[in-house]
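Take a look at the structure set out below.
The values are calculated or read from the model by the stated rules, or taken from the named source; none is laboratory data. Predicted model, so just to flag it, every value in this text is computed and none were measured. Quick reminder, even Gly has a Cβ in these numbers, built from the backbone with ideal geometry, and neighbours come from all protein chains shown. These area figures cover heavy atoms from the full protein model, side chains too; ligands, DNA and RNA do not enter into them. Shrake-Rupley method; radii C 1.70, N 1.55, O 1.52, S 1.80 Å.
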Number of protein chains: 2
Amino acid sequence: MDLRTAIFSRRDTRHFAACEIPDSVVTRALEAAHAAPSVGLSQPWRFVMVRSLEVRQKVKELFEIANERAACEALQIEGEERVAVYRSLRLQGIVEAPLGMFVFCEMPPEGDFVLGTSTERETILWSSVCAVQNFWLSLVADGYGMGWVSIIDYEAIRPLLNTPAGWRPLGYFCIGKPSDDYGGQPMLVRDGWGERHAAPWVQWI
Amino acid sequence: MDLRTAIFSRRDTRHFAACEIPDSVVTRALEAAHAAPSVGLSQPWRFVMVRSLEVRQKVKELFEIANERAACEALQIEGEERVAVYRSLRLQGIVEAPLGMFVFCEMPPEGDFVLGTSTERETILWSSVCAVQNFWLSLVADGYGMGWVSIIDYEAIRPLLNTPAGWRPLGYFCIGKPSDDYGGQPMLVRDGWGERHAAPWVQWI
């Protein structure tokens, strides 16, 4: 698929069809992720692919807890009308999507020299984010999709998987065949949460 | 250009040909960036495009200062042989590239409710990183390239541009026509700094 078609048709998907995702599609997405830029050639991305329904159900429970807290926060800050919209939004497809994924960033030990990170250590984490975006676009090019679930207690992920302390989680991702394209716009626009800016903020100097 | 061709031919470019970059290429890259996923539809990316040679020269000075500090750090941690390799590497093309770019992430005021960020506020920053990756791939698809300069005191960027305090810089980017593709591999591999892993770390559960 053409790059621009993939970029403009990519959605944050929360509605999935009940069909499996071929291994070849996942392999290609992982190859694309591994071709991401990484600061100082750190290649810090770590992928845990989740087929286990048991784990997905546990992740769903973590989401429910965090989402309830977020709704309470929304109520305090934004008021009742807005929290009603919030509660109406579908923000994940953790159990429905046939495949899940945790992405971690393995931070090098403090004191290690990683080229390009002396002034801003977070750049290592940002490399893993670039890998996620490549992964996502590759899925779209193959007719699949993904949703990024950030409404989850990130520290609660660690004991679930026994990951090392130095691995920082980027989130949980739902992967599968989209059953809705939200009319070619972000679901949050279609479902009345917000507006998309017509163009990005750009200044020329 | 095909998505996979763009993903696999994208390099962190530090060698640029002396030719201008058409406005249409920059416009397309900004459109691609603006189609990135953003947590809670925050669309937090802010772009400052730098044609000014004076600003680019100042950025180069900031790089030189930070790079000298990084080299001293490398010497202490990695020793003389390795720092000699470090000093031989070309890590930017700030003055040579006809166009530069600062990317910022406008963080919402503390206390604002941004959907999806209650558990991990950094996800807002990660949205801007996704925008950078889209921008980068769009440039590649149009025959251009980019290099991410992170060796710079991020706090020193702010007074240079008078950006608001809530804007977090992701770095400075050199944009132009690559004059070297490093033999289809990362420059840091070709020039002896590190090795690329054959495959990413993946676990299936």
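For segment B:157-205, list whatever residues lose no less than 40 Å² of accessible surface once every protein chain is in place, relative to that chain by itself, with the probe at 1.4 Å.
B:LEU188, B:TRP193, B:ARG196, B:HIS197, B:PRO200, B:TRP201, B:VAL202, B:GLN203, B:TRP204, B:ILE205
Using the alpha-carbon centroid of each, what span in Å lies between segment B:19-70 and segment A:73-93?
35
Going 7 Å from the Cα of A:ARG196 in the Cα-to-Cβ direction, what parts of segment A:108-138 have a backbone nitrogen less than 17 Å from that spot?
Answer for this model: A:137.
Below 14 angstrom from the Cβ of B:MET1, what's the summed charge of the other residues (Lys, Arg +1; Asp, Glu -1)?
Around B:MET1, the surrounding residues sum to +1.
Mind checking how much accessible area B and A bury in total, 1.4 Å probe, in Å² rounded to 100?
7200
What does the copy distance list look like for A:ARG158, label position 7 Å along Cα→Cβ, in nm and ordered from shortest?
Output for A:ARG158: 2.9 nm, nearest copy listed first.
Tally Lys/Arg at +1 and Asp/Glu at -1 over every other residue whose Cβ is under 12 Å from the Cβ of A:PRO159; what's the total?
Result for the neighbourhood of A:PRO159: 0.
Could you tell me what percent of the DSSP beta bridges with both partners in chain B are antiparallel, to the nearest 5?
Roughly 95 percent of the DSSP beta bridges within chain B come out antiparallel.
Placing a label point 7 Å from Cα toward Cβ, how far apart in nm is A:ASP180 from its equivalents in the other copies, listed shortest first to one decimal?
5.1
Can you give me the solvent accessible area of B:TRP204 with a 1.4 Å probe, rounded to the nearest 10 Å²?
110
Give the relative contact order (percent, whole number) for chain A; include only Cα pairs under 8 Å separated by 6+ residues.
That works out to 38 percent.
Distances from A:GLY111 to the same position in the other copies: list them in nm, one decimal, shortest first, using label points 7 Å from Cα along Cα→Cβ.
4.2
What aspartates and glutamates sit close enough to B:LYS177 to cross-link, taking a C-alpha to C-alpha distance under 15 Å and skipping anything fewer than 8 places away on the same chain?
Of all the aspartates and glutamates, those that pass the test against B:LYS177 - Cα under 15 Å, at least 8 places apart if same chain - are B:ASP12, B:GLU20, B:ASP23, B:GLU96, B:ASP142.
Computing the accessible area with a 1.4 Å probe over protein heavy atoms, can you report the carbon and sulfur percentage for segment A:155-197?
Carbon and sulfur: 48 percent of the exposed surface of segment A:155-197.
Just add up the charged neighbours of A:SER128: K/R +1, D/E -1, any other residue whose Cβ is under 10 Å from the Cβ of A:SER128.
Result for the local shell: +1.
Give the ranking of B:GLU122, B:GLU78, B:GLU61 by solvent-accessible surface, highest area first, calculated with a 1.4 Å probe.
Order by accessible area, largest first: B:GLU61, B:GLU78, B:GLU122.
Could you report the protein assembly as shown's accessible area per residue, 1.4 Å probe, as an integer in Å²?
Result: 39 Å² of accessible area for each residue.
Where in chain B are the DSSP H helices whose alpha-carbon span along the long axis reaches 18 Å or more and whose Kyte-Doolittle mean is at least 1.0?
B:123-141
Select from A:GLU110, A:GLU54, A:GLU73 the residue whose mean-square fluctuation is largest in a Gaussian network model of chain A (Cα-Cα springs shorter than 10 Å).
With Cα springs under 10 Å in chain A, the top fluctuation among A:GLU110, A:GLU54, A:GLU73 is at A:GLU110.
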